[in-house]
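Note sheet for the following structure.
Please treat every number below as a calculation from the coordinates, not as lab data. Predicted model only: the values in this text are computed from it and were never measured. Cβ coordinates were reconstructed from backbone atoms using ideal geometry, including for glycine residues, and neighbour counts include every protein chain displayed.
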Amino acid sequence: MTDIREARIVVEGLRKSFRLRPAGGRWFRRAADRTAGEVTAVDGIGFHIEPGEVVGFLGPNGAGKTTTLKLLSGLLHPTAGEVRVGGYRPADRDRDFLRSIAFVMGQRQQLVWDIPIKDSLELNRIVYRVPDGEFRRTRQELVEMLELGPLLGRTARTLSLGQRMRCEIAASLIHCPSLLFLDEPTLGLDISMQRRIRTFVREHNRRRGTTVLLTSHYMGDIAELCDRALVIHEGGLVYDGGLDALRARIAPFKRISVKLRGGAAELGSLGTVVSQSSEEAEIRVESTAAPDAVARLLAIDQVYDFQVMDPSLEDVIGQFFTEGLSR
Ligand SMILES: Nc1ncnc2c1ncn2[C@@H]1O[C@H](COP(=O)(O)OP(=O)(O)OP(=O)(O)O)[C@@H](O)[C@H]1O
């Protein structure tokens, strides 16, 4: 078997359908079974991921992102198609494969609720048979990077969401997996905690070369961490590529934020005025028209400052799903 540290992830024609089980009693279920349908969560997707990449999965609710991560980590069996990580088929749950991955789910508690965090780390050392020296080194590194020192003696039940998430991540990484699945790791966290988690993931990827696959509703996570995005819509893969290319293809415009003094200015001829007051305005112009708009802004008396910005990833994705996927 290939060492999964050097292994690429190969996904081909991957499909996952769920049978919808009707709720209710036995008789009702049997009657309803005749009409019960199927939902296809992942519908024939394919891609390759190289070792060390940080890849973001984007898509609206119910698009199939979590199901894809579960298929890649072996939590679910594919209905059809192939997933390979090196020589491993994740659904076989081979012990060496399982020892090489970690799956952190933002919405699900994985730490033991009633034991101190340091004991949870120890428990994972035993489960994953991490040699003593390696355990001490990794633990120290994780405690430093995630600032866990004061939390080690506390039980998971007494921690705040952000503290618990940092401990969850540490417990998941104590065996130095080469493949890290993060499903909504910053869900519900405030901005500064989101930032801390991002900084950690980036630094961990840099130091250890861990491949990271990430879903997040916070575009900041994706924009800051990922060079590549896979956009999933209704189970299908509709985009696979760089974030800049996604922006250029979907939202080929710039936002210009303008500071005004001495009253409102006539800006409508430069582009689309998104907002305007007597002190500031925001206009949207086609990327190719931006240099001309900037030259004309300089000649307007009321304009004393401006900034040209790329559209936010939220804008790009919003446009992607509202203005059509065929672009
Ligand atoms: N165990 C299951 N049984 C039946 N349907 C399921 C199951 N798991 C997922 N689905 C369905 O598959 C589709 C994809 O779900 P999935 O959780 O992968 O979406 P997602 O992109 O992660 O969404 P979100 O952003 O809301 O988390 C949804 O229609 C969901 O209802």
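General observations
- Leading residue at positive end of dipole, the chain (Cβ point charges), from MET105, LEU121, LEU180: LEU121
- 3J(HN,Hα) couplings calculated from phi for region 204-211 with the Karplus curve 6.51 cos²θ - 1.76 cosθ + 1.60 (θ = phi - 60°) are, in sequence order, 5, 4, 5, 6, 9, x, 5, 7 Hz; Gly and Pro show x.
- Here each label is just a point 7 Å from Cα along the line to Cβ, and for GLU144 and VAL127 those points are 2.6 nm apart.
- Test item: Cα-centred dipole of region 171-250, Lys/Arg +1 and Asp/Glu -1 on Cβ, debye: 380
- Inter-site label distance for SER269 and ILE300 at 7 Å from Cα along Cβ, in nm: 1.1
- Stretch gain in nm, segment ARG137-GLU38, where the contour uses 0.36 nm per residue and the Cα spacing is subtracted: 30.9 nm
- Gyration tensor over the Cα atoms of the chain: the corresponding equivalent ellipsoid has semi-axes (square roots of 5 times the eigenvalues, largest first) of 41, 28, 20 Å.
- Stretchable slack from LEU152 to VAL112, in nm (0.36 nm times residue separation minus alpha-carbon distance): 13.1 nm
- A simple charge model with +1 on the Cβ of Lys and Arg, -1 on the Cβ of Asp and Glu and nothing else charged puts the dipole of the chain at about 1440 debye relative to its Cα centre.
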